[in-house]
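This report refers to the structure that appears directly beneath it.
The values are calculated or read from the model by the stated rules, or taken from the named source; none is laboratory data. These numbers were taken from a predicted model, which means no experiment stands behind them. Reconstructed Cβ throughout: ideal geometry from the backbone, glycine too, with neighbour counts over all protein chains shown. Each accessible area value is taken on the protein alone, full model and side chains, heavy atoms only, with ligands, DNA and RNA left out. Shrake-Rupley method; radii C 1.70, N 1.55, O 1.52, S 1.80 Å.
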Amino acid sequence: MLKFTISKEELEKKIAVAADAVGSRTVDPILQCLLFSYEDNSLKIYSADMQTFVISKLNVSEIEGSGKFAVDAKLLEEIVKNLENEQVLFEYDTGKLNLKSGKSSFNLSTYSDADKFPQIDIEDSGIKFELETSILSEMIDRVLFCASTESTMRALNGVYWEVKGNYLRLVASDGYRLALTEQKVDIDTDIDFILSLKSMKELDNLIKQTDEPILTVKFDHKKMSVTAGDIAVIMRIVEEVFPDYRRVLPKAFKTRIVFNKNEFLEALKRTMIISKRGSEKVQLQIIEDILVLSSQSQEYGKVKEEISVEKEGEDLKINFNPKFLNEAVKKVEEDEVVFNFVDDLSPMQINSKDVNEYLYIVLPVRA
(Lines give C-alpha, C1' and ligand atoms only; values in the text may rest on other atoms or scores of the structure.)
Protein backbone atom coordinates (compact mmCIF):
# COMPACT_ATOMS: atom_id res chain seq x y z
CA MET A 1 0.00 0.00 0.00
CA LEU A 2 1.22 3.49 -0.89
CA LYS A 3 -0.51 6.68 0.19
CA PHE A 4 0.62 10.27 -0.34
CA THR A 5 -0.65 13.86 -0.61
CA ILE A 6 0.77 16.29 -3.14
CA SER A 7 -0.08 19.77 -4.40
CA LYS A 8 -1.78 20.00 -7.78
CA GLU A 9 0.82 22.57 -8.92
CA GLU A 10 3.74 20.23 -8.14
CA LEU A 11 2.05 17.22 -9.71
CA GLU A 12 0.98 19.08 -12.84
CA LYS A 13 4.47 20.52 -13.37
CA LYS A 14 6.19 17.14 -13.11
CA ILE A 15 3.60 15.33 -15.23
CA ALA A 16 3.89 18.03 -17.94
CA VAL A 17 7.53 17.05 -18.46
CA ALA A 18 7.14 13.30 -17.95
CA ALA A 19 4.06 12.74 -20.13
CA ASP A 20 5.76 14.19 -23.22
CA ALA A 21 8.30 11.35 -23.13
CA VAL A 22 5.55 8.74 -23.39
CA GLY A 23 5.58 7.09 -26.82
CA SER A 24 2.63 7.85 -29.12
CA ARG A 25 2.88 4.42 -30.73
CA THR A 26 4.08 1.39 -28.83
CA VAL A 27 3.34 -2.32 -28.69
CA ASP A 28 4.10 -2.42 -24.96
CA PRO A 29 1.25 -0.83 -22.97
CA ILE A 30 3.48 -0.10 -19.98
CA LEU A 31 5.26 2.52 -22.10
CA GLN A 32 1.97 4.42 -22.17
CA CYS A 33 2.19 4.72 -18.39
CA LEU A 34 3.82 6.85 -15.75
CA LEU A 35 5.53 4.84 -13.02
CA PHE A 36 5.27 6.13 -9.44
CA SER A 37 7.84 4.53 -7.15
CA TYR A 38 8.78 5.18 -3.52
CA GLU A 39 12.49 4.41 -3.19
CA ASP A 40 15.46 5.69 -1.20
CA ASN A 41 13.09 7.72 0.99
CA SER A 42 11.80 9.69 -2.01
CA LEU A 43 8.85 9.39 -4.37
CA LYS A 44 9.79 9.45 -8.03
CA ILE A 45 7.88 9.48 -11.28
CA TYR A 46 9.25 7.76 -14.42
CA SER A 47 8.32 7.87 -18.09
CA ALA A 48 10.00 6.31 -21.12
CA ASP A 49 9.73 5.53 -24.83
CA MET A 50 12.99 3.46 -24.89
CA GLN A 51 14.80 6.37 -26.60
CA THR A 52 14.09 9.02 -23.96
CA PHE A 53 13.59 8.57 -20.22
CA VAL A 54 12.39 11.12 -17.67
CA ILE A 55 12.93 10.79 -13.91
CA SER A 56 11.35 13.33 -11.55
CA LYS A 57 11.42 13.55 -7.79
CA LEU A 58 8.03 14.52 -6.37
CA ASN A 59 7.83 16.83 -3.39
CA VAL A 60 5.00 15.41 -1.30
CA SER A 61 3.54 16.79 1.93
CA GLU A 62 2.62 13.41 3.44
CA ILE A 63 3.53 9.83 2.55
CA GLU A 64 2.78 6.41 4.05
CA GLY A 65 3.67 2.87 3.09
CA SER A 66 5.80 1.79 0.14
CA GLY A 67 5.55 0.28 -3.33
CA LYS A 68 5.08 1.32 -6.93
CA PHE A 69 2.34 1.56 -9.53
CA ALA A 70 2.01 2.42 -13.22
CA VAL A 71 -0.98 4.38 -14.53
CA ASP A 72 -1.93 5.61 -18.00
CA ALA A 73 -0.02 8.86 -18.56
CA LYS A 74 -2.47 10.78 -20.76
CA LEU A 75 -5.40 9.80 -18.55
CA LEU A 76 -3.68 11.01 -15.38
CA GLU A 77 -2.46 14.20 -17.07
CA GLU A 78 -5.99 15.10 -18.17
CA ILE A 79 -7.45 14.34 -14.74
CA VAL A 80 -4.89 16.45 -12.89
CA LYS A 81 -5.31 19.41 -15.27
CA ASN A 82 -9.03 19.52 -14.54
CA LEU A 83 -8.94 19.19 -10.75
CA GLU A 84 -10.19 22.24 -8.85
CA ASN A 85 -8.72 21.60 -5.40
CA GLU A 86 -5.05 22.42 -4.71
CA GLN A 87 -4.33 19.17 -2.84
CA VAL A 88 -4.43 15.68 -4.36
CA LEU A 89 -4.52 12.44 -2.36
CA PHE A 90 -3.25 9.19 -3.92
CA GLU A 91 -4.05 5.81 -2.37
CA TYR A 92 -2.74 2.70 -4.11
CA ASP A 93 -3.43 -0.87 -3.03
CA THR A 94 -3.54 -4.22 -4.89
CA GLY A 95 -3.83 -2.88 -8.43
CA LYS A 96 -6.30 -0.08 -7.76
CA LEU A 97 -5.50 3.61 -7.54
CA ASN A 98 -7.82 6.00 -5.72
CA LEU A 99 -7.30 9.67 -6.44
CA LYS A 100 -9.15 12.30 -4.42
CA SER A 101 -9.14 16.08 -4.62
CA GLY A 102 -11.83 18.22 -3.03
CA LYS A 103 -15.19 16.83 -4.11
CA SER A 104 -13.62 14.83 -6.98
CA SER A 105 -12.83 11.13 -6.68
CA PHE A 106 -11.39 8.75 -9.28
CA ASN A 107 -10.89 5.01 -9.06
CA LEU A 108 -8.34 4.04 -11.70
CA SER A 109 -6.95 0.78 -13.02
CA THR A 110 -3.17 0.37 -13.02
CA TYR A 111 -0.77 -1.74 -15.07
CA SER A 112 -0.65 -5.30 -13.74
CA ASP A 113 3.14 -5.56 -13.30
CA ALA A 114 4.90 -2.28 -12.54
CA ASP A 115 8.25 -4.11 -12.25
CA LYS A 116 8.27 -4.43 -16.05
CA PHE A 117 8.78 -0.69 -16.43
CA PRO A 118 12.17 -0.16 -18.18
CA GLN A 119 15.03 1.37 -16.20
CA ILE A 120 18.14 3.17 -17.42
CA ASP A 121 21.27 4.61 -15.82
CA ILE A 122 24.26 6.72 -16.83
CA GLU A 123 27.71 5.26 -16.23
CA ASP A 124 29.58 7.11 -13.46
CA SER A 125 32.80 6.95 -15.46
CA GLY A 126 31.43 9.23 -18.18
CA ILE A 127 31.98 12.93 -18.91
CA LYS A 128 30.26 15.52 -16.72
CA PHE A 129 29.88 19.26 -17.25
CA GLU A 130 27.48 22.15 -16.59
CA LEU A 131 25.66 24.53 -18.94
CA GLU A 132 23.65 27.65 -18.31
CA THR A 133 20.00 26.84 -18.90
CA SER A 134 19.35 30.04 -20.85
CA ILE A 135 22.27 29.38 -23.20
CA LEU A 136 21.25 25.82 -24.05
CA SER A 137 17.64 26.92 -24.48
CA GLU A 138 18.72 29.57 -26.96
CA MET A 139 20.94 27.13 -28.85
CA ILE A 140 18.19 24.54 -29.19
CA ASP A 141 15.72 27.16 -30.40
CA ARG A 142 18.16 28.27 -33.11
CA VAL A 143 18.54 24.82 -34.71
CA LEU A 144 15.64 22.51 -33.83
CA PHE A 145 13.35 23.69 -36.64
CA CYS A 146 15.89 22.58 -39.25
CA ALA A 147 16.00 18.91 -38.16
CA SER A 148 14.36 16.43 -40.50
CA THR A 149 10.95 15.17 -39.39
CA GLU A 150 11.40 11.98 -41.44
CA SER A 151 12.06 9.16 -38.98
CA THR A 152 13.61 7.05 -41.77
CA MET A 153 16.42 9.65 -42.12
CA ARG A 154 17.96 8.63 -38.81
CA ALA A 155 21.16 10.67 -39.18
CA LEU A 156 19.18 13.87 -39.85
CA ASN A 157 16.11 13.17 -37.69
CA GLY A 158 17.72 14.89 -34.73
CA VAL A 159 20.43 17.31 -33.66
CA TYR A 160 24.18 16.80 -33.89
CA TRP A 161 26.17 17.76 -30.77
CA GLU A 162 29.88 18.51 -31.15
CA VAL A 163 32.26 19.58 -28.40
CA LYS A 164 35.62 20.54 -29.85
CA GLY A 165 38.25 23.10 -28.92
CA ASN A 166 36.22 24.35 -25.92
CA TYR A 167 33.20 25.05 -28.13
CA LEU A 168 29.81 23.36 -28.05
CA ARG A 169 28.14 23.27 -31.47
CA LEU A 170 24.62 22.15 -32.28
CA VAL A 171 23.85 21.39 -35.92
CA ALA A 172 20.60 20.34 -37.58
CA SER A 173 19.70 19.73 -41.21
CA ASP A 174 16.92 18.19 -43.25
CA GLY A 175 18.99 17.96 -46.43
CA TYR A 176 17.66 21.23 -47.86
CA ARG A 177 18.83 23.62 -45.15
CA LEU A 178 21.18 23.63 -42.19
CA ALA A 179 21.37 25.49 -38.88
CA LEU A 180 24.52 25.83 -36.79
CA THR A 181 25.03 27.51 -33.43
CA GLU A 182 28.01 27.49 -31.09
CA GLN A 183 29.01 28.67 -27.63
CA LYS A 184 32.32 28.64 -25.79
CA VAL A 185 32.21 26.11 -22.94
CA ASP A 186 34.53 24.93 -20.20
CA ILE A 187 34.92 21.37 -21.49
CA ASP A 188 38.43 20.12 -22.23
CA THR A 189 37.47 16.96 -24.15
CA ASP A 190 36.24 16.34 -27.70
CA ILE A 191 32.97 14.43 -28.15
CA ASP A 192 30.24 14.25 -30.78
CA PHE A 193 26.90 12.44 -31.07
CA ILE A 194 23.34 12.71 -32.37
CA LEU A 195 20.20 13.03 -30.25
CA SER A 196 16.88 12.17 -31.89
CA LEU A 197 14.31 14.85 -32.63
CA LYS A 198 11.98 13.24 -30.07
CA SER A 199 14.70 13.42 -27.39
CA MET A 200 15.53 17.01 -28.31
CA LYS A 201 11.90 18.06 -28.01
CA GLU A 202 11.69 16.43 -24.58
CA LEU A 203 14.90 18.19 -23.52
CA ASP A 204 13.51 21.48 -24.82
CA ASN A 205 10.33 20.87 -22.84
CA LEU A 206 12.32 20.25 -19.66
CA ILE A 207 14.29 23.46 -20.13
CA LYS A 208 11.13 25.51 -20.70
CA GLN A 209 9.53 24.08 -17.55
CA THR A 210 12.45 24.55 -15.17
CA ASP A 211 13.50 27.57 -13.13
CA GLU A 212 16.98 26.14 -12.51
CA PRO A 213 19.73 28.45 -13.86
CA ILE A 214 22.28 25.65 -14.34
CA LEU A 215 21.95 22.24 -16.02
CA THR A 216 24.14 19.25 -15.19
CA VAL A 217 25.07 17.16 -18.23
CA LYS A 218 26.49 13.64 -18.17
CA PHE A 219 27.63 11.64 -21.19
CA ASP A 220 28.82 8.02 -21.23
CA HIS A 221 29.17 7.61 -25.04
CA LYS A 222 25.88 5.70 -25.27
CA LYS A 223 23.53 8.00 -23.38
CA MET A 224 23.34 11.61 -22.28
CA SER A 225 21.48 12.93 -19.25
CA VAL A 226 20.48 16.50 -18.46
CA THR A 227 19.43 17.28 -14.90
CA ALA A 228 17.56 20.40 -13.86
CA GLY A 229 16.91 20.42 -10.13
CA ASP A 230 14.85 17.32 -9.32
CA ILE A 231 14.07 16.39 -12.95
CA ALA A 232 16.41 14.42 -15.21
CA VAL A 233 16.07 13.49 -18.89
CA ILE A 234 18.16 10.55 -20.09
CA MET A 235 18.51 10.13 -23.86
CA ARG A 236 20.07 7.34 -25.89
CA ILE A 237 22.31 8.64 -28.65
CA VAL A 238 21.47 7.75 -32.24
CA GLU A 239 23.90 5.17 -33.64
CA GLU A 240 24.42 7.00 -36.94
CA VAL A 241 27.07 9.26 -38.47
CA PHE A 242 26.04 12.87 -39.07
CA PRO A 243 27.12 14.21 -42.50
CA ASP A 244 30.18 16.46 -42.54
CA TYR A 245 28.46 19.82 -42.14
CA ARG A 246 31.67 21.73 -42.82
CA ARG A 247 31.53 20.68 -46.49
CA VAL A 248 28.25 22.58 -46.87
CA LEU A 249 29.57 25.84 -45.42
CA PRO A 250 30.54 28.20 -48.27
CA LYS A 251 34.19 29.25 -48.30
CA ALA A 252 33.85 32.45 -50.35
CA PHE A 253 31.05 34.66 -51.65
CA LYS A 254 30.51 36.67 -54.83
CA THR A 255 27.54 38.66 -53.55
CA ARG A 256 26.58 39.96 -50.11
CA ILE A 257 23.50 41.96 -49.17
CA VAL A 258 22.48 43.52 -45.84
CA PHE A 259 18.86 44.51 -45.18
CA ASN A 260 16.28 45.21 -42.49
CA LYS A 261 14.84 42.01 -41.05
CA ASN A 262 11.25 43.20 -40.60
CA GLU A 263 11.06 44.83 -44.05
CA PHE A 264 12.16 41.56 -45.65
CA LEU A 265 9.75 39.40 -43.61
CA GLU A 266 6.80 41.64 -44.45
CA ALA A 267 7.66 41.60 -48.17
CA LEU A 268 8.17 37.83 -48.07
CA LYS A 269 4.84 37.31 -46.30
CA ARG A 270 3.01 39.11 -49.09
CA THR A 271 4.98 37.25 -51.76
CA MET A 272 4.04 33.92 -50.16
CA ILE A 273 0.33 34.68 -50.73
CA ILE A 274 0.94 33.88 -54.39
CA SER A 275 3.80 31.40 -54.05
CA LYS A 276 1.78 28.97 -51.91
CA ARG A 277 -0.90 28.94 -54.62
CA GLY A 278 1.59 28.35 -57.38
CA SER A 279 5.20 27.23 -57.71
CA GLU A 280 6.03 27.16 -53.94
CA LYS A 281 9.11 29.20 -54.71
CA VAL A 282 10.18 32.83 -54.50
CA GLN A 283 12.69 34.46 -56.81
CA LEU A 284 15.21 36.88 -55.35
CA GLN A 285 16.74 39.32 -57.83
CA ILE A 286 19.48 41.68 -56.71
CA ILE A 287 19.79 44.81 -58.88
CA GLU A 288 22.20 47.39 -57.49
CA ASP A 289 20.79 48.41 -54.09
CA ILE A 290 17.36 46.79 -54.57
CA LEU A 291 16.21 43.28 -53.71
CA VAL A 292 13.19 42.19 -55.75
CA LEU A 293 11.07 39.34 -54.42
CA SER A 294 8.63 37.80 -56.90
CA SER A 295 6.45 34.75 -57.43
CA GLN A 296 3.75 33.64 -59.82
CA SER A 297 0.85 31.28 -60.19
CA GLN A 298 -0.74 30.34 -63.52
CA GLU A 299 -4.17 30.41 -61.91
CA TYR A 300 -3.89 33.36 -59.52
CA GLY A 301 -1.35 35.77 -61.01
CA LYS A 302 1.93 37.40 -60.01
CA VAL A 303 3.46 39.40 -57.16
CA LYS A 304 6.52 41.63 -56.92
CA GLU A 305 8.00 43.30 -53.82
CA GLU A 306 11.06 45.52 -53.49
CA ILE A 307 13.21 46.40 -50.48
CA SER A 308 16.39 48.45 -50.17
CA VAL A 309 19.66 46.63 -49.45
CA GLU A 310 23.36 47.31 -49.07
CA LYS A 311 25.13 45.25 -51.73
CA GLU A 312 28.69 44.08 -52.21
CA GLY A 313 29.61 42.13 -55.33
CA GLU A 314 27.62 41.11 -58.39
CA ASP A 315 23.93 41.32 -59.28
CA LEU A 316 22.20 37.95 -58.96
CA LYS A 317 18.95 36.08 -59.61
CA ILE A 318 18.14 32.97 -57.52
CA ASN A 319 15.10 30.95 -56.34
CA PHE A 320 14.25 29.57 -52.89
CA ASN A 321 11.57 27.77 -50.96
CA PRO A 322 10.02 30.77 -49.13
CA LYS A 323 9.24 28.73 -46.01
CA PHE A 324 12.96 28.05 -45.50
CA LEU A 325 13.82 31.74 -45.89
CA ASN A 326 11.04 32.80 -43.54
CA GLU A 327 11.97 30.39 -40.75
CA ALA A 328 15.69 31.17 -40.90
CA VAL A 329 15.37 34.97 -41.03
CA LYS A 330 12.94 34.93 -38.09
CA LYS A 331 15.65 33.27 -35.98
CA VAL A 332 18.11 36.11 -36.58
CA GLU A 333 17.91 38.19 -33.42
CA GLU A 334 19.40 41.42 -34.75
CA ASP A 335 17.60 44.02 -36.88
CA GLU A 336 19.98 43.59 -39.82
CA VAL A 337 20.25 40.33 -41.74
CA VAL A 338 22.97 39.27 -44.18
CA PHE A 339 22.52 37.01 -47.22
CA ASN A 340 25.78 35.64 -48.64
CA PHE A 341 25.67 34.15 -52.15
CA VAL A 342 28.19 32.07 -54.10
CA ASP A 343 26.10 31.81 -57.30
CA ASP A 344 22.56 30.95 -58.38
CA LEU A 345 23.05 27.20 -57.86
CA SER A 346 25.03 27.06 -54.61
CA PRO A 347 23.86 27.15 -50.97
CA MET A 348 23.27 30.60 -49.48
CA GLN A 349 24.42 31.57 -45.98
CA ILE A 350 22.16 33.62 -43.70
CA ASN A 351 23.51 35.29 -40.59
CA SER A 352 23.41 38.47 -38.53
CA LYS A 353 25.68 41.34 -39.53
CA ASP A 354 28.24 40.32 -36.91
CA VAL A 355 27.95 36.56 -37.66
CA ASN A 356 27.00 36.18 -34.02
CA GLU A 357 27.32 32.55 -32.83
CA TYR A 358 24.90 31.09 -35.37
CA LEU A 359 24.23 30.83 -39.10
CA TYR A 360 21.86 29.17 -41.54
CA ILE A 361 22.45 27.53 -44.90
CA VAL A 362 19.63 27.24 -47.46
CA LEU A 363 19.80 25.41 -50.79
CA PRO A 364 18.25 27.16 -53.80
CA VAL A 365 15.59 25.57 -55.98
CA ARG A 366 15.79 25.45 -59.76
CA ALA A 367 13.93 28.04 -61.78
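Listing for the model above:
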item: Every residue from region 145-161 that is open to solvent by 20 Å² or more (accessible area, probe 1.4 Å) and farther than 19 Å from residue 51 by Cβ; result: 145
item: Leading residue by the ranking (surrounded by the most Cβ atoms within 10 Å (Cβ to Cβ)) among those in region 174-220 that are among the hydroxyl-bearing types (Ser, Thr, Tyr) and under 28 Å from residue 247 (Cα atoms); result: 199
item: Unique match (being out of contact with any Cys (no Cβ under 7 Å at 6 or more places or on another chain), farther than 19 Å from residue 120 by Cβ and among the polar types (S, T, N, Q)) among 216, 227, 181; result: 181
item: Within region 16-49, tally of residues that are surrounded by fewer than 22 Cβ atoms within 10 Å (Cβ to Cβ), under 19 Å from residue 91 (Cα atoms) and among the hydrophobic types (A, V, I, L, M, F, W, C); result: 1
item: Residue ID - farthest from residue 116 (Cα to Cα), chosen from residues in region 29-53 that are out of contact with any helix residue (DSSP H, G or I) (no Cβ under 8 Å at 6 or more places or on another chain) and among the acidic types (Asp, Glu); result: 40
item: Any chance residue 10 is in contact with a strand residue (DSSP E or B) (Cβ under 8 Å, 6 or more places away or on another chain) and open to solvent by 70 Å² or more (accessible area, probe 1.4 Å); result: no
item: Matching residues, region 296-334, being open to solvent by 80 Å² or more (accessible area, probe 1.4 Å), at pLDDT 95 or above and either part of a loop (DSSP other than H, G, I, E, B) or aliphatic (A, V, I, L, M) (or both); result: 314
item: Given (1) in a loop (DSSP other than H, G, I, E, B); (2) free of Cβ contacts under 8 Å to residues at least 24 places away in the same chain; (3) within 29 Å of residue 74 (Cα to Cα), number of the condition residue 120 does not satisfy; result: (2)
item: Some residue of region 124-144 being in contact with an Asp or Glu (Cβ under 7 Å, 6 or more places away or on another chain) and over 30 Å from residue 37 (Cα atoms); result: yes
item: All positions within region 265-306 that are among the hydrophobic types (A, V, I, L, M, F, W, C), touching a strand residue (DSSP E or B) at 6+ places or on another chain (Cβ under 8 Å) and farther than 18 Å from residue 344 by Cα; result: 267, 268, 272, 273, 274, 303
item: Failed criterion for residue 168 (all others in (1) closer than 30 Å to residue 58 by Cα; (2) modelled with pLDDT of 95 or more; (3) among the hydrophobic types (A, V, I, L, M, F, W, C) hold); result: (1)
item: Residue within region 162-169 that is farther than 26 Å from residue 326 by Cβ, surrounded by 17 or more Cβ atoms within 10 Å (Cβ to Cβ) and among the hydrophobic types (A, V, I, L, M, F, W, C) present; result: yes
